[in-house]
Amino acid sequence: MRIGHGYDAHRFGHGDHVVLGGVRIPHEQGLIAHSDGDVLIHALCDALLGAAGLGDIGRHFPDTDAAWKDVDSRLLLRKVVLSLKERGLTTGNVDVTVIAQRPRLGKHVPLMRERLSQDLETDISRVNIKATTTEKMGFTGRGEGIAAHAVVLLHE
């Protein structure tokens, strides 16, 4: 077994929605990013790559490469999963925590889990997503952005 941890954060900016776990969520602001700013999937990709000993998301999909500008992060996740499969690695389980004062995410979690289980090619029971606030402390608590942590277990 291999264990990986990932973290990502993005600042709020102009926009009318955020994308988390591959789900478009209406919001009065968007997230500033080279891609679609999906911090949940970015943290998950980092955790998967870390568990496999393959570096991080920036190494594979650099923000200096125009090919990844405004890309759907689900595509990045599918590419990571393909890379893992080529190395004989499969997902045991994933556990992700999104840290955001707003928007409220609870009602969106079931669809996020469904989309991630599809992209990870694993049963939905192996995908867990939690959302929490920081009780108005720190940059997420002040409404400046969103962060996510992910932990994964891979099987060889």
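The values are calculated or read from the model by the stated rules, or taken from the named source; none is laboratory data. Here the structure is a predicted model, which is why all the values come from computation and not from measurement. For neighbour counting, all protein chains shown are included, and Cβ atoms are generated from backbone atoms with ideal geometry for every residue, glycine included.
What are the pairs with Cβ atoms under 6 angstrom where one residue, in the range 36-56, is within 14 Å of Val96 (Cβ to Cβ) and the other, located anywhere, is aliphatic (A, V, I, L, M) and at pLDDT below 95? Sequence gap at least six, or different chains.
Close Cβ pairs (under 6 Å, with a partner that is aliphatic (A, V, I, L, M) and at pLDDT below 95) amount to His42/Ile57; Cys45/Ile57; Asp46/Ile57.
Taking helices (runs of 4 or more DSSP H) that do not extend beyond the range 32-110, which have at least 3 residues that are under 14 Å from the mean Cα position of the chain (by Cα), within 19 Å of Ile3 (Cβ to Cβ) and modelled with pLDDT of 95 or more? Break it down stepwise before answering.
On the way: elements: 39-52, 57-60, 73-86.
It comes to 39-52, 73-86.
Across the range 1-31, what is the number of residues that are without any contact (Cβ under 8 Å) to a residue 24 or more places away in the chain and assigned to a strand (DSSP E or B)? So that I can check it myself, show each step before the final result.
Looking only at the range 1-31, we keep the residues that are without any contact (Cβ under 8 Å) to a residue 24 or more places away in the chain, and these are 13-17, 24, 28-30.
Then drop every residue that is not assigned to a strand (DSSP E or B), which leaves 13, 17, 24, 30.
Final tally of qualifying residues: 4.
What number of residues within the range 58-73 are surrounded by 15 or more Cβ atoms within 10 Å (Cβ to Cβ) and in contact with a strand residue (DSSP E or B) (Cβ under 9 Å, 6 or more places away or on another chain)?
So the count comes out to 1.
State which residue is nearest to Arg11 (Cα to Cα) when the search covers only the range 98-129 and only residues that are of a type in the set (D, E, K, R) and exposed (fewer than 14 other Cβ atoms within 10 Å of the Cβ).
If we filter the range 98-129 for residues that are of a type in the set (D, E, K, R), which is where we start, we get 102, 104, 107, 113-115, 119, 121, 123, 126.
Those left that are additionally exposed (fewer than 14 other Cβ atoms within 10 Å of the Cβ): 104, 107, 121, 123.
Numbers: Arg104: 17, Lys107: 23, Glu121: 30, Asp123: 32 Å.
Ranking the candidates gives Arg104 first.
Take the residues in the range 111-128 that are among the aliphatic types (A, V, I, L, M) and assigned to a helix (DSSP H, G or I), then tell me which one is nearest to Leu153 (Cα to Cα). Can you show your working first?
First pass over the range 111-128, keeping only residues among the aliphatic types (A, V, I, L, M): 111-112, 116, 120, 124, 127.
Okay, now just the ones that are also assigned to a helix (DSSP H, G or I), so 111-112, 116, 120, 124.
Numbers: Leu111: 22, Met112: 19, Leu116: 15, Leu120: 12, Ile124: 15 Å.
Step by step, filter the range 111-128, then rank; the result is Leu120.
Evaluate the range 129-148: report whether one residue or more is assigned to a helix (DSSP H, G or I), over 17 Å from Val19 (Cα atoms) and either among the aromatic types (Phe, Trp, Tyr) or in contact with a Lys or Arg (Cβ under 8 Å, 6 or more places away or on another chain) (or both).
Of the range 129-148, the ones assigned to a helix (DSSP H, G or I) are 138-141.
Still in the list and also over 17 Å from Val19 (Cα atoms): 138-139, 141.
Checking which are either among the aromatic types (Phe, Trp, Tyr) or in contact with a Lys or Arg (Cβ under 8 Å, 6 or more places away or on another chain) (or both) leaves us with 139.
Looking for residues that are assigned to a helix (DSSP H, G or I), over 17 Å from Val19 (Cα atoms) and either among the aromatic types (Phe, Trp, Tyr) or in contact with a Lys or Arg (Cβ under 8 Å, 6 or more places away or on another chain) (or both), one finds at least one in the range 129-148, hence yes.
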